[in-house]
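For reference, the structure is listed below as structure tokens.
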Amino acid sequence: MKILFTTLTTLMLATLATAPASAHHSAAQFDFRNTVVVEGKVMETRFANPHLKLIMEVTDTARGTRNIEFEGHSRNNMLRQGLQPDMFKVGDNIAIRIAPMTNGEDGGYVTAIRTPDGTEIGQVTSAD
Amino acid sequence: MLKIKILKRSVAGFLTLTAFAATQVFAQGAAQPDFSGAWTTYRGNGGAGAFTAPAGEPKLTPTALAARKEFQSLTEGTNYGAGNACVGSGMPSSMLGSGGYPMEILQRPDQLFVIYEAHTEIRRIYLGEEAGDPANFFPERNGYSTAHWEGDRLIVETSRLKTQVDSRYPHSNETTIREEYYFDKPLEDGTKVLAADMTMTDPLWLEEPFTTTKRWQAMADYHVLSYECSEPKWLDEMEGLYKAAGLKMVQE
């Protein structure tokens, strides 16, 4: 699996306007100015409020293969953006756009998801 | 003769009072709108990307500024926060923001329920005979709210608030809030718009009363969802217990 780095020139205003992340904890740990796309295999999901929990098996040249835990928008916000309960499941390969950790560690805040059939919740292919 | 005069006056007085009361009931009943329904943050005619936040910032006293600075020094850049602990916003943040999530109003003659989706935070606004003396109730993050109608406007008075530094709008427990709810001009497509003029008064933490207006628009295509914020934490605890015991957790 590969990690694609994309630099945003603008803040993800539309995303942040609908994301209550800042209402629940500091957003300082995530770099919303430099979002990246991560592809991998779904190992665990928890569609919940206040945040999505997603564990994916990810491989890159720098750190090899490992499981990474991500968090993301609330279930309610993602549902309103078009996410349906059966769009992907454990074992599926998906792509996500994340705001990576500012400290460079694994993890990040999921702002968009591309499901196995190509459906995009938010904008994965191009930056928001 | 005297008895007859008194009786006549009493009957006349009773009839006048009855007629006055009937007029008032009719006038109020005819004018009172129904705010029931699901409401989301006002975006005007600008589409989904538009967002109109309540204007203005409260002018905090030195006492309030010091309290807020102290709180921020402990929490800024951390995961500590009321929302992350699954605690509701409290007034006036619940009414002015609530994380951008929608709200639902259920209205009956003696009580309005306002259900803010975020944290399933509930405000009860008591009218008429259901309205008690706020002094008889313990302070709450959303305080104790009573209301009355003035024509087609609902006037809500809130007191018994807790001192809150973890709020977008820090305030002391001396705070009182007045809200005036009314239907504003609908959108071009006829979508209903609900508005509330809000004034927060705090003799200890505000230099002057803070006034702003919040607007919502009707959610025609969706409804307010459940929001079980503390469930993930409980599931993590359960998972830990099962793992420690060498068992597989089946609960989702």
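The values are calculated or read from the model by the stated rules, or taken from the named source; none is laboratory data. Bear in mind that the values here come from a model prediction, so they are computed numbers and not experimental data. Don't worry about glycine lacking a Cβ; one is built from the backbone with ideal geometry, like all the others, and counts go over all protein chains shown.
Mind checking which residues of the stretch B:136-161 are out of contact with any Lys or Arg (no Cβ under 9 Å at 6 or more places or on another chain) and not polar (S, T, N, Q)?
Matches in the stretch B:136-161: B:A147, B:H148, B:W149, B:E150, B:G151, B:D152, B:R153, B:L154, B:R160.
Confirm whether B:R124 is surrounded by fewer than 18 Cβ atoms within 10 Å (Cβ to Cβ) and under 30 Å from A:S74 (Cβ atoms).
In short, yes.
Any chance the stretch B:219-239 includes a residue that's within 23 Å of B:Q32 (Cα to Cα), touching a Lys or Arg at 6+ places or on another chain (Cβ under 6 Å) and not aromatic (F, W, Y)?
Within the stretch B:219-239 (the criterion being within 23 Å of B:Q32 (Cα to Cα), touching a Lys or Arg at 6+ places or on another chain (Cβ under 6 Å) and not aromatic (F, W, Y)), the answer is no, since none of the residues qualifies.
Within the stretch B:74-95, take every residue that is surrounded by 19 or more Cβ atoms within 10 Å (Cβ to Cβ) and part of a helix (DSSP H, G or I) and give me the one that is nearest to the other protein chains (Cβ to nearest Cβ).
Filtering first and then ranking leaves B:S93.
So that you can scan it fast, the table gives a plain yes or no per residue for (1) within 14 Å of chain B (Cβ to nearest Cβ); (2) surrounded by fewer than 15 Cβ atoms within 10 Å (Cβ to Cβ); (3) touching a strand residue (DSSP E or B) at 6+ places or on another chain (Cβ under 6 Å):
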| position | (1), (2), (3) |
| --- | --- |
| A:L79 | yes, no, no |
| A:L83 | yes, no, yes |
| A:G118 | no, yes, no |
| A:G122 | yes, no, yes |
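Return the total of residues in the stretch B:115-147 being assigned to a strand (DSSP E or B), more than 14 Å from chain A (Cβ to nearest Cβ) and touching a helix residue (DSSP H, G or I) at 6+ places or on another chain (Cβ under 8 Å).
Counting residues in the stretch B:115-147 that are assigned to a strand (DSSP E or B), more than 14 Å from chain A (Cβ to nearest Cβ) and touching a helix residue (DSSP H, G or I) at 6+ places or on another chain (Cβ under 8 Å) gives 3.
Name the single residue that is farthest from A:R46 (Cα to Cα) among those in the stretch B:221-237 being more than 7 Å from chain A (Cβ to nearest Cβ) and among the charged types (D, E, K, R).
Ranking the qualifying residues of the stretch B:221-237, first place goes to B:D221.
Does A:A62 meet the test of being small (G, A, S), over 12 Å from the mean Cα position of the chain (by Cα) and within 14 Å of chain B (Cβ to nearest Cβ)?
Answer is no for this residue.
Hand me the list of strands (runs of 3 or more DSSP E) wholly inside the stretch A:60-128 holding 1 or more residues that are of a type in the set (K, R) and without any contact (Cβ under 8 Å) to a residue 40 or more places away in the chain.
Once the strands (runs of 3 or more DSSP E) in the stretch A:60-128 are filtered for at least 1 residues that are of a type in the set (K, R) and without any contact (Cβ under 8 Å) to a residue 40 or more places away in the chain, what remains is A:108-114.
How about the stretch B:114-148: which of its residues are within 23 Å of B:Y42 (Cβ to Cβ) and out of contact with any Asp or Glu (no Cβ under 8 Å at 6 or more places or on another chain)?
B:Y116, B:A118, B:H119, B:E121, B:I122, B:R123, B:I125
Taking the stretch B:172-202, which residues are assigned to a strand (DSSP E or B), among the charged types (D, E, K, R) and closer than 27 Å to B:L161 by Cα?
Listed by number, the residues that qualify are B:R178, B:E179, B:E180, B:D197.
Taking the stretch B:203-220 on its own, how many of its residues are within 18 Å of B:L106 (Cα to Cα) and either within 14 Å of chain A (Cβ to nearest Cβ) or surrounded by fewer than 13 Cβ atoms within 10 Å (Cβ to Cβ) (or both)?
Here the count works out to 2.
For the stretch A:45-63, enumerate the residues that are at pLDDT 95 or above and either surrounded by fewer than 18 Cβ atoms within 10 Å (Cβ to Cβ) or over 18 Å from B:E239 (Cα atoms) (or both).
Across the stretch A:45-63, the qualifying residues are A:I55, A:M56, A:E57, A:V58, A:T59.
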